[in-house]
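As structure tokens, the structure follows; a few thoughts come after it.
Every read-out reported here was derived from the displayed coordinates using simple, explicitly stated rules and does not represent laboratory data. Model, not experiment: these values are computed from the prediction. Reconstructed Cβ throughout: ideal geometry from the backbone, glycine too, with neighbour counts over all protein chains shown.
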Amino acid sequence: MAELVKDVMTPGVVAVRPDASLVEAAQLMRTQNIGDVVVAEGQDVIGVLTDRDITVRAVADGADPMTVSVQSVCTPDPVTVTPGDRVTTAATLMREHAVRRLPVVENGLPVGMVSLGDLAEAEDPASALADISRAEPDARGDT
């Protein structure tokens, strides 16, 4: 079993500016086939935006995704981990803060993302969550 975040994280970060529209962020998520982006001001991580945030915090309330900024909907000041943190630390933080993803930051810079699915796959590759996390989206682009 992997012991460190660097062994299970998805390297690389897809980031958007805080003033980007929700449409811009959603299009980026679709293009990159991901469900979250880091919200960054320069090199600083100031938030995390998920596809669920867009749906629940904006669209469900009737907000216009063309005019609403990412910063107004994202989770601000996200809890982060480093590549050298233990996987158990990441799992504990996810549980304590009720989040499914954590940005991985090294020397102040975002370097990856670790998800609940990453942890499940590392812990038990045969689990249903691990299977779902590895699955490709269907032909319609569902994730």
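Descriptive notes on the structure:
- q = 0.16, 0.20, 0.21 Å⁻¹: log10 I(q)/I(0) that the Debye formula gives for segment 5-134, counting C-alpha atoms only: -0.78, -1.14, -1.23
- Taking Cβ atoms as reference points and 15 Å as the exclusive limit, the residues near Glu41 contribute a net charge of -2, counting Lys and Arg as +1 and Asp and Glu as -1.
- A helix-only calculation puts the chain at -8500 deg cm²/dmol for mean residue ellipticity at 222 nm, using -39500 (n - 2.57) for each DSSP H run of at least four residues, averaged over all residues.
- Segment 5-134, relative contact order [Cα under 8 Å, separation at least 6], %: 28
- Using only the C-alpha atoms, the convex hull of segment 1-55 corresponds to 101 Å³ per residue.
- Bins of 5 Å from zero: percent of alpha-carbon pairs in segment 58-121: 3, 16, 24, 18, 14, 13, 9, 4, 0
- Cβ-based exposure ranking for Val39, Val73, in which fewest neighbours within 10 Å come first: Val73, Val39
- If the segment from Ala2 to Val79 were pulled out straight at 0.36 nm per residue, it would be longer than the present Cα-Cα gap by 25.6 nm.
- Using the Cβ-Cβ distance between Ser72 and Val99 with R0 = 22 Å, the FRET efficiency computed as 1/(1 + (r/R0)^6) comes to roughly 0.70.
- Under a Gaussian network description of the chain, with springs only between Cα atoms under 10 Å, the residue in Glu24, Glu41, Glu96 that fluctuates furthest is Glu96.
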